[in-house]
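See structure below.
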Amino acid sequence: MRVLVIGSGAREHALCWKLAASPLLTALCCVPGNPGIATLATCLPGSVDDIPGLVALARREAIDLVVVGPEGPLVAGIADAMQAAGIRCFGPDAAAARLEGSKSFTKEICAAAGIPTAAWRRFTDAAAARAYLATLRTPPVVKADGLAAGKGVVVATTHEEAEVAIAEFMEVGRLGAAGRALVLEERLVGEEVSLFALCDGAHAIAFGAAQDHKAVGEGDTGPNTGGMGAYGPPPALTSALEQAAMERIVRPALAEMARRGTPFRGILFAGLMLTAEGPKLIEFNVRFGDPECEVLMLRLRSDLLAALVAAMDGELLSFDVRWSPDAAISVVLAARGYPARPASGGVISGLDAAGAVAGAQVFHAGTAMQDGVLVARGGRVLAVSATGTTLADAARAAYAAVDRVVWADGFCRRDIGWRALGRTPT
Ligand code: AMP
Ligand code: GLY
């Protein structure tokens with residue numbers, strides 16, 4: 001099969017790395033890719049947002065299957081456009097991608113399907129949001145209703161913080177159109193886990209889980225980012241809890257989407273809170289997580305391409321997903337100033353030495369080649385990852401690899417996995 005991957009992050013590098021190992025693969029292309037992906041795939045120029053351009057490119061390259069990494073093109077209808085052109089595309093169509101594109105849509109699905117989630121209210125008017133806030137006993141989570149690349153959520157610890165978030169989203173317009181409507185939501189307490197399910201519209205099978213560290217600072221402090229590191233399998237998600245989440249959250253959502261005539265096909269990412277009352281849904285995403293995907297791909301033993309094809313062909317129930325018993329971890333190296341104002345352009349070296357650490361795998365995210373030299377070109381720049389017999393072994397290998405990377409502008413959290421490793425944060 002000739003496969004085209006859309007995206008340029010470490011998630012897409014990990015997907016390409018795993019796809020490249022598939023016996024079903026005959027050619028691998030990526031738009032736009034990055035220098036790491038270029039070692040595995042033919043990287044072609046283009047924008048992930050130029051859907052007509054991507055359809056034309058897929059036709060030109062005689063692509064059999066398109067695999068979409070980020071949510072933006074899915075919400076914008078890339079799967080619809082590819083299907084209309086007769087090209088198979090892994091990922092939901094625009095109608096099903098609303099599960100990520102609109103938080104209030106997901107809440108409606110939860111209400112209709114009886115899915116456990118936090119109590120919530122949606123507002124398009126700041127005064128009404130403030131009036132509701134005044135009635136709450138505990139500070140809520142304030143969320144922009146639209147897509148905001150992980151930056152549209154404030155977990156307020158005081159009512160004043162919630163007030164500031166309402167003003168910034170709705171009146172200052174910090175997130176543009178994404179913040180015009182917002183959701184005030186009950187704060188859930190517990191361990192947070194990312195559960196992935198491969199879906200064919202009618203059936204879902206669990207497809208791995210990981211825990212992500214969203215906050216930029218050690219001890220899970222500071223502003224939220226796209227994710228500073230992840231590890232798996234998550235010790236907190238027992239198989240009983242995973243089953244409960246599949247039965248009470250993933251499958252009812254899938255059934256409700258099918259009932260509405262908008263079946264979900266692709267990878268459904270359920271962001272869960274493992275509360276005292278059982279797993280509750282924080283949010284759905286309609287794609288692999290980043291850096292969760294890096295952890296998943298390092299642990300996946302089955303053929304990824306065969307799994308994606310089984311989901312597209314409605315043959316998921318007979319697909320056997322196998323995982324390595326090893327643990328995996330991914331540590332994000334980000335550019336100084338991330339997430340607010342990441343520094344750009346610094347020279348990076350030492351990646352061969354980092355990749356030579358036993359069990360380590362370096363995935364590129366925001367890197368670029370400039371005059372033959374690798375430089376940083378983004379917020380999250382590398383996902384230095386590793387496997388090990390235990391999570392502690394994996395962490396040792398990943399940080400040994402991190403320490404071989406030479407990049408003056410880079411920083412990482414030194415405490416990825418701290419809860420599972422039983423450490424107090426540094
Ligand atoms: P979201 O974009 O909805 O995933 O929110 C980003 C992060 O905010 C989540 O990963 C959680 O860590 C946190 N969060 C969101 N909603 C809640 C909630 N209802 N209770 C507690 N934490 C939340
Ligand atoms: N790491 C969280 C996400 O991909 O949304």
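The values are calculated or read from the model by the stated rules, or taken from the named source; none is laboratory data. All values derive from a computational prediction rather than experimental measurement. So basically every Cβ, Gly included, is an ideal-geometry build from the backbone, and we count neighbours across all protein chains shown. Heads up: the accessible areas ignore ligands, DNA and RNA and are worked out on the full protein's heavy atoms, side chains in. Shrake-Rupley method; radii C 1.70, N 1.55, O 1.52, S 1.80 Å.
One residue is enough: does region 122-131 have a residue meeting the conditions open to solvent by less than 30 Å² (accessible area, probe 1.4 Å), in contact with a Phe, Trp or Tyr (Cβ under 9 Å, 6 or more places away or on another chain) and closer than 29 Å to V48 by Cα? Break it down stepwise before answering.
At the first step, the residues of region 122-131 found to be open to solvent by less than 30 Å² (accessible area, probe 1.4 Å) are 123, 126, 129.
If we keep only those that are in contact with a Phe, Trp or Tyr (Cβ under 9 Å, 6 or more places away or on another chain) too, we end up with 123, 126, 129.
In the following step, the residues that additionally are closer than 29 Å to V48 by Cα were identified as none.
Among the residues of region 122-131, not one is open to solvent by less than 30 Å² (accessible area, probe 1.4 Å), in contact with a Phe, Trp or Tyr (Cβ under 9 Å, 6 or more places away or on another chain) and closer than 29 Å to V48 by Cα, which makes the answer no.
Checking the condition closer than 19 Å to R380 by Cβ and touching a residue at least 60 places away in the same chain (Cβ under 8 Å), which residue from V321, V331, V309 passes?
Numbers: V321 fails: closer than 19 Å to R380 by Cβ; V309 fails: closer than 19 Å to R380 by Cβ.
Every option except V331 fails the conditions.
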> Out of curiosity, is P252 crowded, with 24+ Cβ neighbours inside 10 Å, at pLDDT 95 or above and not β-branched (V, I, T)?
Replying inline: no
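Results for (1) in contact (Cβ under 8 Å) with a residue 60 or more places away in the chain; (2) in contact with a helix residue (DSSP H, G or I) (Cβ under 9 Å, 6 or more places away or on another chain); (3) open to solvent by less than 10 Å² (accessible area, probe 1.4 Å), shown as yes or no for each residue.
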{"position": "M1", "(1), (2), (3)": "yes, yes, no"}
{"position": "A14", "(1), (2), (3)": "yes, yes, yes"}
{"position": "T26", "(1), (2), (3)": "no, no, no"}
{"position": "C29", "(1), (2), (3)": "no, yes, yes"}
{"position": "L54", "(1), (2), (3)": "no, yes, yes"}
{"position": "V67", "(1), (2), (3)": "yes, yes, yes"}
{"position": "V75", "(1), (2), (3)": "yes, yes, no"}
{"position": "D80", "(1), (2), (3)": "no, yes, no"}
>> If I filter region 257-285 down to residues being away from ligand 1 (no atom under 13 Å from the Cβ) and β-branched (V, I, T), which single residue comes out as nearest to A360 (Cα to Cα)?
In response: I267
> Taking region 155-189, which residues are at pLDDT 85 or above, among the hydrophobic types (A, V, I, L, M, F, W, C) and over 16 Å from G271 (Cβ atoms)?
Replying inline: A156, A162, V164, A165, I166, A167, F169, M170, A181, L182, L184
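Is it fair to say R59 is out of contact with any strand residue (DSSP E or B) (no Cβ under 9 Å at 6 or more places or on another chain) and surrounded by fewer than 16 Cβ atoms within 10 Å (Cβ to Cβ)? Give the derivation first.
Values: out of contact with any strand residue (DSSP E or B) (no Cβ under 9 Å at 6 or more places or on another chain): yes; surrounded by fewer than 16 Cβ atoms within 10 Å (Cβ to Cβ): yes.
Yes: the conditions hold for R59.
Taking strands (runs of 3 or more DSSP E) that fall entirely within region 164-237, which contain at least 1 residues that are crowded, with 24+ Cβ neighbours inside 10 Å and within 15 Å of ligand 1 (Cβ to nearest atom)? Break it down stepwise before answering.
Values: elements: 182-185, 191-200, 204-212, 215-217, 221-224, 229-232.
Output list reads 182-185, 191-200, 204-212, 229-232.
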> Restricted to region 132-153, and to residues that are buried (at least 17 other Cβ atoms within 10 Å of the Cβ) and away from ligand 2 (no atom under 16 Å from the Cβ), which residue is nearest to E186 (Cα to Cα)?
Replying inline: P140
>> I need a count of the residues in region 279-296 that are out of contact with any helix residue (DSSP H, G or I) (no Cβ under 6 Å at 6 or more places or on another chain), modelled with pLDDT of 95 or more, more than 8 Å from ligand 2 (Cβ to nearest atom) and closer than 18 Å to V153 by Cβ.
In response: 2
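Filter region 184-203 down to the residues that are closer than 21 Å to R287 by Cβ and of a type in the set (A, V, I, L, M), then identify the one that is farthest from ligand 2 (Cβ to nearest atom).
The extreme case among them is A202.
Just to be sure before I move on: is L317 outside any strand (DSSP E or B) and either open to solvent by 30 Å² or more (accessible area, probe 1.4 Å) or within 16 Å of ligand 2 (Cβ to nearest atom) (or both) in the structure I sent?
yes
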